[in-house]
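Participant: If you scroll down you'll find the structure; I have some questions about it.
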Amino acid sequence: MHQELRDELAGLVKWAHGKGWAPGTGGNFSRLVSRDPFRLLVTPSGADKGSVAPEDLLIVDREGSVIEGARQPSAETLLHVPIVEEQGAEAVVHTHSVWNTLASLSPGEDFEISGLEMLKGLSGVRSHEHTERVPILDNSQDIGALSKTLRAALRAKPDVHAVLLRGHGVYTWGYDIFQARRHAEIVEFLFEVTLRRRMEM
């Protein structure tokens, strides 16, 4: 079932792995199947993201329980749920690149990006004069509590395009696979340019 969604998501996972943004078994990805009942297509736990096939993907409910599939989903699946619900997202990308991890270690409560033309690659941004303030949340192994913290952050800043977990990585999303992929690529570019610029100062 849902073969087209499976093919789309598996393609996105392999693309991100090919970029070096999901090393080892790092990262997790999802695609909304339906909102009512809530069903999410997700990557399995512990999988090499370079070899994830469409049939390896799982369908889970809002609590992360498996509805369809033979493997276990990542515990971080519960972090995808508030993004889908609060942002109206249909695809979520979580990666562990060098640059987004470095960005996540920045001091303060957010990572500020401004003055770059590529900001216009983010949905709704019309000018390089835009300032994107990406929230940085403290990482936690208590995924239930972290999910609530993430939901609160998204409600406080509904216009953000990504969220960083400190020392961990980034979550970004889109209204479909293609926008999620675009946002993942754009935020990576913005993190790298901003950090390189700071290093030169």
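The values are calculated or read from the model by the stated rules, or taken from the named source; none is laboratory data. Remember, predicted model here, so these are calculated numbers, not experimental data. Neighbour counts run over all protein chains shown; Cβ positions are idealised from the backbone, glycine included. Accessible surface areas use protein heavy atoms only, side chains included; no ligands, DNA or RNA. Shrake-Rupley method; radii C 1.70, N 1.55, O 1.52, S 1.80 Å.
Participant: Helix-only mean residue ellipticity at 222 nm, the chain, DSSP H runs n ≥ 4 weighted -39,500 (n - 2.57), per residue, nearest 500. What is it?
Facilitator: -11500 deg cm²/dmol
Participant: May I pose another question? When ligands, DNA and RNA are left out and all protein chains stay put, how many square angstrom of accessible area per residue does the chain have with a 1.4 Å probe?
Facilitator: Counting only protein heavy atoms, the per-residue value for the chain is 46 Å².
Participant: By how many degrees, 0 to 90 and rounded to 10, does the Cα axis of helix 177-200 deviate from the longest principal axis of the chain?
Facilitator: The answer is roughly 30 degrees.
Participant: Once amide H atoms are placed 1.01 Å from N in the peptide plane, what residues at a sequence separation of 5 or more from Ala162, or on another chain, have their amide H within under 5 Å of its amide H?
Facilitator: none
Participant: OK, next. Can you send over the carbon and sulfur percentage of the accessible area for the chain, probe radius 1.4 Å, protein chains only?
Facilitator: 50 percent
Participant: Net charge near Leu164: determine it from the other residues with C-beta under 13 Å of the C-beta of Leu164, scoring Lys and Arg +1 and Asp and Glu -1.
Facilitator: -3
Participant: Check which residues have an amide H placed less than 5 Å from Phe111's amide H, if you skip close sequence neighbours.
Facilitator: Distant-sequence amide H within range of Phe111: Val134, Ile136.
Participant: Match the structure shown to one of the listed values (i) 15.9, 53; (ii) 16.9, 50; (iii) 17.0, 52 of Rg and Dmax of the Cα atoms in Å, computed from it, and give that label.
Facilitator: (i)
Participant: Rounded to two decimals, what is Rg over Rh for segment 73-162 when you use alpha-carbon atoms and the Kirkwood radius?
Facilitator: 0.96
Participant: I would also like to ask the following. Say R0 is 45 Å: what FRET efficiency, to the nearest 0.05, do Glu68 and Ala145 get from their beta-carbon distance? Present the calculation step by step, with values, prior to reporting the outcome.
Facilitator: Numbers: r = 28 Å, r/R0 = 0.62.
Working from the Cβ atoms, E equals 0.95.
Participant: Across segment 124-140, in residue order, what do the Karplus-derived ³J(HN,Hα) couplings come to in whole Hz, using 6.51 cos²θ - 1.76 cosθ + 1.60 with θ = phi - 60° and x for Gly and Pro?
Facilitator: x, 8, 10, 9, 5, 7, 4, 10, 9, 10, 7, x, 10, 9, 5, 6, 7
Participant: Label Asp138 and Met199 with points 7 Å out from Cα along Cα→Cβ: what is the distance between them in nm?
Facilitator: That separation, rounded to one decimal, is 2.9 nm.
Participant: Additional query: From the phi angles alone, apply the Karplus equation (6.51, -1.76, 1.60; θ = phi - 60°) to segment 142-154 and give each ³J(HN,Hα) in whole Hz, x where the residue is Gly or Pro.
Facilitator: 7, 5, x, 5, 5, 4, 5, 5, 5, 4, 4, 5, 5
Participant: To test your reading of the geometry: what angle, between 0 and 90 degrees and rounded to tens, separates the Cα axis of helix 77-87 from the longest principal axis of the chain?
Facilitator: For 77-87 against the chain, the angle is about 60 degrees.
Participant: Could you compute the net charge surrounding Leu9? Neighbours are other residues with a C-beta less than 12 Å from the C-beta of Leu9; K and R count +1, D and E count -1.
Facilitator: Numbers: positive: Arg6, Lys14, Arg31, Lys49, Arg181; negative: Glu4, Asp7, Glu8, Glu55, Asp56, Glu90, Asp176.
It works out to a net charge of -2.
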